[in-house]
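Novice: The following block contains the structure, expressed as structure tokens.
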2 protein chains.
Amino acid sequence: MKLADIYAHFQEDIFTIERELEEAVQARHDILRKASVHLLKAGGKRIRPVFVLLAGKFGTYDVNVLKHIAVPLELIHMASLVHDDVIDDADLRRGKKTIKSQWDNRIAMYTGDYMFAKAVQTATYFDDPNIHQIISNAINEMCLGEVEQIRDQYNPNQHLRIYFRRIKRKTALLIAVSCQLGALAAKADPAIVQKLYYFGYYVGMSFQITDDVLDFVGTEEQLGKPAGSDLLQGNVTLPALYALHHDMHAKRLIEQVLADRGNNSVHMEEVIAAIVSSGGIDYALSISDLYLKKAMRMLDHLPDDEPKQFLQEIANYIGRRKF
Amino acid sequence: MKLADIYAHFQEDIFTIERELEEAVQARHDILRKASVHLLKAGGKRIRPVFVLLAGKFGTYDVNVLKHIAVPLELIHMASLVHDDVIDDADLRRGKKTIKSQWDNRIAMYTGDYMFAKAVQTATYFDDPNIHQIISNAINEMCLGEVEQIRDQYNPNQHLRIYFRRIKRKTALLIAVSCQLGALAAKADPAIVQKLYYFGYYVGMSFQITDDVLDFVGTEEQLGKPAGSDLLQGNVTLPALYALHHDMHAKRLIEQVLADRGNNSVHMEEVIAAIVSSGGIDYALSISDLYLKKAMRMLDHLPDDEPKQFLQEIANYIGRRKF
């Protein structure tokens, strides 16, 4: 089974969710609607909705119930992207704050707020307060992740634990919750709900670590931005952390990049080469693999039919992906 | 009965809510906690919690139930203040974006996000999806109000309708919802819940219009900022709108201020004098009074005892306040 098969299988239901997403952002307000629709059209793999649908297969599958989980989770994801961009945008203009850039940022901030609120509103379809608790907790944790990232930005002295907690909050938790709530909304067996939560969590960790590796080893064409962008922006990820702890030469270079705070005096190619030769890339990939294996193990005792094969395939895709 | 009597009457319960608010923002994260606690300590009249408590008196009053409404609504109010500040802060530094100012803004944005999520989370105490619907709708409307304010900033050609809708979304709705949900959580009679909703709405409109008047006629000492700050920041409020529509001299001056976009070439004293002599201040005060009378009329058929007297007193306070 291939990833394309999964999307083909769920095509109609993904389309339903897409329509619901469009409807959710049809604010009566022109600017907000344009900003939201723009974001929506930018696409993305809709990975969270897909996990919701897949998890729903372990209970009573009904897209008209599941969409009330899939839409909020995708909206939360999009809102967090908008809020991430608020500052990046201002950054690009390097201190030249035009009225227009100021406008954009404010609109971006309130578009994000609006999407958060729409997410919560969509989920009010469910009476179960447990579902609301899980969703609002996920938003909270994501905020904590963002604030931790800001706190630890440009800091070369981070324990690995800090990195893992950050990517859990920023990425893995929302995928875990997609699986958990998809199963919960479909009234799957509580033991299965829990297994799917951990499956999503481990897959999410693996996914983010691979992402952090690709930021170093992808080409500018694949990434849509120069390799090493994370480090340049002060985001110290697993390959760099490993190199910092294990290779004096790489350590000096990375510390230099972080001290420069964007005004780089060292060539990024050199830094990346040093991280590669430190073993940081291989190490990160092995950890990503480890998480993937943990994810697979969660499926061990689940019924051995199509829904499980879907989950295995999507996990494999995440393990295989090269950009 | 005086306002102080109301605060005295509810002293213990306001204290309970204050403690809950402090607990709600006790994020495990240091920066977030400091930012939130700082905001909390800055105080404010806790007017929304007071309305929740007052409305709760029309049903089965229990602060341990009502606090789960009062805390979210105050958190939403505070979150919206934080997000308002995000850009003001950057503005003050006029294009000089230091790392520190960038940090502050990002932290402020995520502190706001965190508070929104905490608000939603606190309200999950209630099983009634109606309550969650009302809360998320209020956040949505506030976002719309913010975006409309941005859209209409520096625009002298606004219909009065636009102004009233904006202050409804930015201020009146959250006070209306405080009354509505306080009564709802106390299981008051549905007819009373509705009357209290409108009471809050009218009081909120009156409150904001008075606020907008005071921004012109208050002293710098009373306001904590120079008189005319709203107009200077491009926020066209009722007195200015009236003047724009009724007085050619005032119109020219106001248009000049708006065209200048903060780099003022006219003296604000002159602009304010023109607005006063246009009748804009008197007009706005009369509209504020009108809303207050509408609010009072909502109380006509409510039982004529202490809770009603409290509401009358708080409405009177809002009518009387001079800064």
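FYI, it's all coordinate maths here, none of it is from the lab. Just so we're clear, the structure is a prediction, and the values are computed from it rather than from any experiment. Neighbour counts are summed over all protein chains in view; Cβ atoms, including those assigned to glycine, are modelled from backbone coordinates with ideal geometry.
Novice: Expressed as a fraction of 2.2 N^0.38 Å, the rule-of-thumb size for a compact globular protein of N residues, what is the C-alpha radius of gyration of region B:128-259?
Specialist: 1.22
Novice: Continuing with the same structure: Does region B:205-264 come out rounded, prolate or oblate by the C-alpha gyration tensor, with a ≥ b ≥ c the root eigenvalues, rounded set by a/c under 1.5 and, if not, prolate when a/b is larger than b/c and oblate if not?
Specialist: The shape class here is oblate.
Novice: A further question on this structure: Obtain the nm distance between the two label points defined at B:Lys2 and B:Arg19 by a simple spin-label model: each point lies 7 Å from its Cα along the Cα-to-C-beta direction.
Specialist: It is 2.8 nm.
Novice: My understanding is that a pair violates if its Cα-Cα distance is over 25 Å; which of A:Lys118/B:Lys170; B:Lys225/B:Lys293; A:Lys118/B:Lys294; B:Lys34/B:Lys67 do that in this structure? Before the final figure, lay out each step's value.
Specialist: Details: A:Lys118/B:Lys170 17 Å; B:Lys225/B:Lys293 30 Å; A:Lys118/B:Lys294 32 Å; B:Lys34/B:Lys67 23 Å.
Going by Cα-Cα distance, B:Lys225/B:Lys293; A:Lys118/B:Lys294 fall outside the 25 Å limit.
Novice: Here is a further query. At 30 angstrom or more along the helix axis (alpha-carbon based) and mean Kyte-Doolittle of 1.0 or higher, what helices does chain A contain? Whole DSSP H runs only. Before the final figure, lay out each step's value.
Specialist: Details: long enough: A:63-92 (42 Å, 0.68); A:99-123 (36 Å, -0.36); A:129-152 (34 Å, -0.22); A:190-217 (40 Å, 0.54).
Both cut-offs are met by no helix.
Novice: Right, here's the next one. For A:Lys308, list the aspartates and glutamates whose Cα falls under 12 Å from its own Cα; do not include residues on the same chain fewer than 8 positions away.
Specialist: A:Asp300
Novice: Taking a virtual spin label 7 Å from the Cα of A:Val276 along the C-beta vector, which residues in region A:217-249 bring their backbone nitrogen under 14 Å of it?
Specialist: Answer for region A:217-249: A:217-220, A:227-228.
Novice: Averaged over peptide A:125-131, how many Cβ atoms belonging to another chain are found within 10 Å of each residue's Cβ? It would help to have the intermediate numbers written out before the result.
Specialist: On the way: counts 2, 2, 4, 3, 8, 1, 1.
Partner Cβ neighbours, averaged per residue: 3.
Novice: Still on this model: Quick one: grab the alpha carbon gyration tensor of region B:3-320, order the square roots of its eigenvalues as a ≥ b ≥ c, and give me rounded if a/c is under 1.5, else prolate or oblate depending on whether a/b is larger than b/c. All intermediate terms of the calculation are to be shown ahead of the outcome.
Specialist: Details: a/c = 2.12, a/b = 1.28, b/c = 1.65.
In terms of gyration-tensor shape, oblate.
Novice: Report the relative contact order of chain A, percent, no decimals, based on alpha-carbon pairs under 8 angstrom and at least 6 residues apart.
Specialist: On the way: 435 pairs, mean separation 61.4, N = 323.
Result for chain A is 19 percent.
Novice: Provide the packing ranking of B:170-177, A:131-138, i.e. peptides ordered by the mean count of other C-beta atoms within 10 Å per residue, highest first. Don't skip to the end; give the middle numbers.
Specialist: Working: B:170-177: 24.4, A:131-138: 21.5.
Ranking the peptides B:170-177, A:131-138 by packing returns B:170-177, A:131-138.
Novice: If r is the Cβ-Cβ distance from B:Lys34 to A:His245 and R0 is 41 Å, what FRET efficiency results, to the nearest 0.05?
Specialist: That pair, B:Lys34 with A:His245, gives E of 0.85.
Novice: Does region B:261-323 come out rounded, prolate or oblate, given a ≥ b ≥ c as the square roots of the eigenvalues of its C-alpha gyration tensor, rounded meaning a/c under 1.5 and, failing that, prolate meaning a/b above b/c? Spell out each step's value before the answer.
Specialist: Values: a/c = 4.29, a/b = 3.06, b/c = 1.40.
Prolate, because a/c is 1.5 or more and a/b exceeds b/c.
Novice: Now, a different point. Taking every residue in A:297-307, how many Cβ atoms of other protein chains lie within 10 Å of its Cβ, on average?
Specialist: On the way: counts 0, 0, 0, 0, 0, 0, 0, 0, 0, 0, 0.
Going residue by residue through A:297-307 and averaging, the value is 0.
Novice: Of the listed peptides A:114-125, B:303-314, what is their order by residue-averaged count of other C-beta atoms within 10 Å, with the highest listed first? If you can, show how the numbers build up before the last one.
Specialist: Numbers: A:114-125: 25.2, B:303-314: 16.1.
So the order, starting with the most tightly packed, is A:114-125, B:303-314.
Novice: Given charges of +1 on the Cβ of Lys and Arg and -1 on the Cβ of Asp and Glu, with all other atoms neutral, how large is the dipole of the protein assembly as shown about its Cα centre, in debye to the nearest 20?
Specialist: 460
Novice: Further question on the same structure: When Cβ neighbours within 10 Å are restricted to other protein chains, what is their mean count per residue of peptide A:148-156? Numbers along the way, then the final one.
Specialist: Working: counts 5, 2, 7, 6, 0, 3, 1, 0, 0.
Per-residue shielding by partner chains comes out at 3.
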